[in-house]
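Enquirer: Before we start, here is the structure in question, set down as structure tokens.
The values are calculated or read from the model by the stated rules, or taken from the named source; none is laboratory data. On a predicted model such as this, the values are computed, not experimentally measured, just so you know. All Cβ positions, even for glycine, are placed from backbone atoms using ideal geometry, and neighbour counts span all protein chains on display.
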Amino acid sequence: MNIQPKWYFITDDTLNKKNIFLFWYINKVSNNKLVLLTPDYAPTNSFGYPQEIFHVSKSNFFPFLWAKFSYLISKTAYSSSDIQFPKRNIYNQVFLIDKIVNFLWKIKIYSGINKLLPNYETVFFSGIKADNYKLILNNECVYVFDSIILRSLKYPGILKYIRVKKFKTYGVIFSWDNPFYSQLYLDTNRKILWSEQMLKDLNNVHLRDIKIQESEIIGPYPFYNFFKSSQKFNFIESQKTYIGYACAFCDELFLNLELKLIKKIAQKLSQTGYQILVRPYPSLPLVNYESLNDCKNIKLYLPENTNYQDRFGDGREYILFSTDEERHYYLSQCMTFLSMGTSFTIEAAIDNIPIIHFYLDEKLRENEFELKLFERIDISDHITSYFNKNLEIAHTYDHLEDSINKIVSISNFKNSVLSRNQDLLDSLGFGVFREHMSSAEVIFLDEKLSEF
């Protein structure tokens, strides 16, 4: 009997329902041979696929330290995000370490050494021991995993083992910002990407020549189910009474800066009668947002029927996994959406909510929180490449108020803003979904996704 090889998807993100389309697609191309290969701390998946487990030691901190050192001595990607890394390295509280890192980084970038350095994966895996974790792995199977190496630091030995054995590999570029990082596993046999533009970004930033024939272009899969369910959700125009704002930063340091910005925007709009409906970032405790309750024209949105879940099973992140219906409901209350770079802006575009992207001009950044927030956005290639090029931008607080007034009162302006939503979605690759599936497959997939 000829037994077809398995396709192992190596992941600990077994609760994230945004992976539904991705798992379905891999299962489809593998002829229903997908197996989720997960560390023993990961929860049991709810997607219905077979799951095999390997043991991970809890006491090995070397990969975390080695990953940071590897970043210093490997090739920096040719993106603002990586070249301007010292501007992002604001979390380090040790003055001497900060000085050393910034000094080494400048030597890499400005001396010309950078182009001679090996890629991150080469440096990182040189210090990692190959380990199959007592699994029976073989070269007949296909191994699929997140291309961001930093996300697998708890079990890097299995990736080193697969690398040494030269097994067939698929690297998933999970998010729109991933191509601009240097910590990627670039030397996989094939890439799984959102769009041809994402492939261009990957090639331009890493000086590669990856052909489209070496890639699986599957569309912005984390948004597929939301995209499909949007067509069924009933939006009622009279319910749209708020300016929507979804928090963009996932750490407390930048959240505190962001809260100051939200309060300043609210103050500038206080005489207009507009109220801002603030959606918290899902992985930060709601208690961090309580100061917003002191502002009369801010309402803190609390998602219903959601609970914090241990996303990976090891306590490193607790997150509110909301439903598509809940996110549609939030957006149904917004007459416009104010974007600061969060990926929730993409969901606002899917639901065709008028979007104003706020990007404060450099000469108007008077406060420390404005300087730090927009300096971070300045070096975020994905935001400048997709949002700044496609969305209506407000460059000042007065411009922001004027744009909101126009959306409310001038239909031609509103329609112009709405047309840019489609430009954004097209640039991200939303036109790809239907190209890969026959009508029968679409119906089957929609039925499967409805189960979740």
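Enquirer: Answer with yes or no whether TYR242 is farther than 26 Å from ARG88 by Cβ and out of contact with any helix residue (DSSP H, G or I) (no Cβ under 7 Å at 6 or more places or on another chain). Walk me through how you get there before you give the answer.
Expert: Details: farther than 26 Å from ARG88 by Cβ: yes; out of contact with any helix residue (DSSP H, G or I) (no Cβ under 7 Å at 6 or more places or on another chain): yes.
Criteria met by TYR242.
Enquirer: Any residue at all in region 165-182 that's touching a Phe, Trp or Tyr at 6+ places or on another chain (Cβ under 7 Å) and either of a type in the set (Asp, Glu) or closer than 30 Å to CYS295 by Cα (or both)?
Expert: Scanning region 165-182 turns up no residue that is touching a Phe, Trp or Tyr at 6+ places or on another chain (Cβ under 7 Å) and either of a type in the set (Asp, Glu) or closer than 30 Å to CYS295 by Cα (or both).
Enquirer: Ok, one more. Give region 262-292 a look and list any residue that's touching a residue at least 60 places away in the same chain (Cβ under 8 Å), crowded, with 17+ Cβ neighbours inside 10 Å and more than 22 Å from the chain's Cα centre (by Cα), or say none.
Expert: Scanning region 262-292 gives ILE265, LEU269, TYR274, ILE276.
Enquirer: Can you confirm whether PHE167 is closer than 24 Å to THR76 by Cα and in contact with a helix residue (DSSP H, G or I) (Cβ under 9 Å, 6 or more places away or on another chain)? So that I can check it myself, show each step before the final result.
Expert: Details: closer than 24 Å to THR76 by Cα: no; in contact with a helix residue (DSSP H, G or I) (Cβ under 9 Å, 6 or more places away or on another chain): yes.
Spelling it out, it is not the case that PHE167 is closer than 24 Å to THR76 by Cα and in contact with a helix residue (DSSP H, G or I) (Cβ under 9 Å, 6 or more places away or on another chain).
Enquirer: Right, another one. Identify the residue in region 235-262 that is outside any loop (DSSP other than H, G, I, E, B) and among the small types (Gly, Ala, Ser) and, among all such residues, is farthest from GLU401 (Cα to Cα). First the steps, then the outcome.
Expert: Pass one, region 235-262, residues outside any loop (DSSP other than H, G, I, E, B): 237-239, 242-246, 252-262.
Next cut, among the small types (Gly, Ala, Ser) only: 238, 244, 246.
On the way: SER238: 21, GLY244: 14, ALA246: 18 Å.
The qualifying residue farthest from GLU401 (Cα to Cα) is SER238.
Enquirer: Is it the case that region 224-234 has a residue that's part of a helix (DSSP H, G or I), modelled with pLDDT under 90, among the polar types (S, T, N, Q) and closer than 29 Å to VAL408 by Cα?
Expert: The answer is yes, given that some residue of region 224-234 is part of a helix (DSSP H, G or I), modelled with pLDDT under 90, among the polar types (S, T, N, Q) and closer than 29 Å to VAL408 by Cα.
Enquirer: Of the numbered conditions (1) closer than 25 Å to GLY127 by Cα; (2) buried (at least 21 other Cβ atoms within 10 Å of the Cβ), TRP194 fails exactly one; give the number of that condition.
Expert: It is condition (1) that TRP194 fails.
Enquirer: Let me ask something additional. Can you name the number of the only condition in (1) under 22 Å from ASN16 (Cβ atoms); (2) surrounded by 20 or more Cβ atoms within 10 Å (Cβ to Cβ); (3) of a type in the set (Gly, Ala, Ser) that SER229 fails?
Expert: (2)
Enquirer: For region 128-138, indicate whether the set of residues that are β-branched (Val, Ile, Thr), under 19 Å from PHE167 (Cα atoms), crowded, with 17+ Cβ neighbours inside 10 Å and modelled with pLDDT of 90 or more is non-empty. Before the answer, list the steps.
Expert: If we filter region 128-138 for residues that are β-branched (Val, Ile, Thr), which is where we start, we get 128, 136.
Next, from what is left, pick out any that are under 19 Å from PHE167 (Cα atoms): 128, 136.
Okay, now just the ones that are also crowded, with 17+ Cβ neighbours inside 10 Å, so 128.
Checking the rest, the ones that are also modelled with pLDDT of 90 or more come to 128.
Checked against the condition, which is being β-branched (Val, Ile, Thr), under 19 Å from PHE167 (Cα atoms), crowded, with 17+ Cβ neighbours inside 10 Å and modelled with pLDDT of 90 or more, region 128-138 yields at least one hit.
Enquirer: I'd like to check which strands (runs of 3 or more DSSP E) are fully inside region 263-375 and have at least 2 residues that are under 30 Å from SER152 (Cα atoms), out of contact with any Lys or Arg (no Cβ under 7 Å at 6 or more places or on another chain) and not aliphatic (A, V, I, L, M). Give the steps one after another, and end with the answer.
Expert: Details: elements: 275-279, 298-300, 308-310, 318-320, 334-339, 355-358.
Once the strands (runs of 3 or more DSSP E) in region 263-375 are filtered for at least 2 residues that are under 30 Å from SER152 (Cα atoms), out of contact with any Lys or Arg (no Cβ under 7 Å at 6 or more places or on another chain) and not aliphatic (A, V, I, L, M), what remains is 308-310.
Enquirer: Related question: In region 156-215, how many are among the acidic types (Asp, Glu) and more than 21 Å from the chain's Cα centre (by Cα)?
Expert: Let us first name the residues in region 156-215 that are among the acidic types (Asp, Glu), namely 177, 187, 196, 201, 209, 214.
Okay, now just the ones that are also more than 21 Å from the chain's Cα centre (by Cα), so 187, 209, 214.
Of the residues in region 156-215, 3 are among the acidic types (Asp, Glu) and more than 21 Å from the chain's Cα centre (by Cα).
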